[in-house]
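Okay, so here's the structure we're looking at.
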Amino acid sequence: MSTAPTLSELADDLEHRQMQELGERVVVKSFLYHLAGGERTLGPRPQGKRLLMGEDPRLPPMPEKPTLLDFFRLRLAPTQAHLLQSANLAQKNGLPEKMVLACLLHDIAVVGFIRADHGYWGAQLVEPYVDEEVSWAIRVHQALRFFPDESVGYEYPDLYRTMFGEDYRPEPYIVAEYERARKHRWYMSARMICVNDLYSFDPDVEVELEQFGDIIGRHFRQPPEGLGNDNTPASHMWRTLRRPCNAL
Ligand SMILES: [Fe+2]
Ligand SMILES: [Fe+2]
C-alpha cells in the first residue's frame, strides 16, 4: 500500500519540477520569471549542482556572430508575424524605408523580450543600431496607441476595449508621454506605426522576413562582431535574449 507523500516530499518534488536539469547543469530562472508567476522568490536553491552558464541547449543554437535576422529566426516568438504584416503594410502605403524598419521592429519587445512597457524596452534594444527617429517612434507608439488622431483616420482600437475593458484609462505617464509627443517634430512618424499596426491578420497573406533584408541592411547598423558581442548600451539585452537563463 502506498502512503501519501509528506509535506517535505511534496516540497522536494515541486523544487525538482521547478529546476530543470540539463545533463550536469541546472537551470535557475531569474527573479523576474518568478515574479511574473506571482511569486517573490528566486526559486529553489540547487545544492551542489552546476548552474547553466553559456549556451542553452533547450533553445536553437545561434551563430557566433548573430545578426538581427538570426534573432528573428532563432529567438523571437512566432507571433513576429505581426511585425512582418505591419512592415508589409507600411511598405504598401509607401512609407520611407526607415519607417518600414520602425514598423518591423515596433513590437520586438512583445515578441522577444517583455510585454510591460514594451515600447520603451523595444526602443532601448534597437537604439544603438537605428536612426534616432526610428527608436523614438518605437518608444512613443506605446503611448500613441491609446489616443485617436482623426487627421489620419486612427481610432482607439476596439481590441483594447476587449482586452482592457471599456473603463480602462491609460496611466498618467502614458498621458504625459502622449502630450509631449504631440508637440514633437517626429510625432507623425510614431503615429504612422499606429496606423500600420495591424491586429486583424489575413492568414492567407504570408510575409517573409527576406522581404525586408535589404531595408535591414541599409538601415540597421549590424555590428560585425554580432549583436551582443559588441559594446553598446543594449548589448547585454541581446545577450540575455540569446542566453536567458544564465545564472549570473
Ligand atoms: Fe505595440
Ligand atoms: Fe503592434
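The numbers here are math on the coordinates, done by the rules we state, and not lab data. Treat the numbers as computed from the prediction; the structure is a model and nothing was measured. A quick note on method: Cβ atoms are made from the backbone with ideal geometry, for glycine too, and the neighbour counts reach across all protein chains shown.
Neighbour counts of other Cβ atoms within 10 Å put CYS103, CYS194 in the fewest-to-most order CYS194, CYS103.
With a simple spin-label model that places each label point 7 Å from the Cα along the Cα-to-Cβ direction, the separation between LYS65 and VAL205 comes to 3.6 nm. ALA181 sits among other residues whose Cβ lies under 13 Å from its own Cβ, and their net charge, with Lys and Arg +1 and Asp and Glu -1, is +3. Length available on full extension from ALA4 to MET188: 0.36 nm per residue minus the Cα-Cα distance, which gives 59.8 nm.
Filter the trypsin sites (Lys or Arg not before Pro) in region 196-245 down to the DSSP loop ones having no more than 14 other Cβ atoms within 10 Å, then list what survives.
Qualifying residues, ordered by number: ARG221.
The longest part of the chain holding none of the exposed loop GluC sites (Glu not before Pro), meaning those outside H, G, I, E and B in DSSP with at most 15 other Cβ atoms within 10 Å, is 65-154.
Evaluate the relative contact order of the chain (contact order divided by residue number), counting alpha-carbon pairs under 8 angstrom at least 6 apart; express in whole percent.
On the way: 286 pairs, mean separation 62.4, N = 248.
Once normalised by length, the contact order is 25 percent.
Protection proxy ranking, highest mean first, for peptides 79-87, 110-118: 79-87, 110-118, where packing is the per-residue count of other beta-carbon atoms within 10 Å, averaged. Couplings for region 41-50, taken from phi via the Karplus curve 6.51 cos²θ - 1.76 cosθ + 1.60 with θ = phi - 60°, read 7, 9, x, x, 9, x, 8, x, 10, 7 Hz in order; Gly and Pro are left as x.
Can you give the percent of C-alpha pairs in region 73-203 whose distance is more than 20 Å? Cα-Cα pairs in region 73-203 separated by more than 20 Å: 41 percent. Taking Cβ atoms as reference points and 13 Å as the exclusive limit, the residues near LEU104 contribute a net charge of -4, counting Lys and Arg as +1 and Asp and Glu as -1.
Taking amide H as placed 1.01 Å from N in the peptide plane, GLN20 has its amide H under 5 Å from the amide H of VAL27, each at least 5 places away in sequence or on another chain. Potential lengthening of the chain between ARG221 and LEU74 amounts to 51.0 nm, from the contour at 0.36 nm per residue minus the alpha-carbon distance. Placing a pseudo-label 7 Å from each Cα along the Cα-to-Cβ vector at GLU166 and LEU51 gives an inter-label distance of 5.0 nm. Mean residue ellipticity, 222 nm, helices only, the chain: the sum of -39500 (n - 2.57) across DSSP H runs of n ≥ 4, divided by residue count and rounded to 500, is -13000 deg cm²/dmol.
Could you compute the net charge surrounding HIS219? Neighbours are other residues with a C-beta less than 10 Å from the C-beta of HIS219; K and R count +1, D and E count -1. Charge balance in the 10 Å sphere: 0.
Convert 25 °C to kelvin, take the viscosity as 0.890 mPa s, use the Kirkwood radius over C-alpha pairs of the chain as Rh, and evaluate the Stokes-Einstein diffusion coefficient in µm²/s, rounded to a whole number. For these conditions, the coefficient is 121 µm²/s. Distant-in-sequence amide contacts of LEU51, defined by a placed amide H-H separation under 5 Å and a gap of 5 or more residues or a different chain, comprise VAL26. Size check on region 9-116: the Cα extents along the three principal axes, sorted descending, read 62, 33, 16 Å. Under the simplified labelling scheme, the GLU24-ASN93 pair shows an inter-label distance of 5.5 nm, with each label point 7 Å from Cα along Cα→Cβ.
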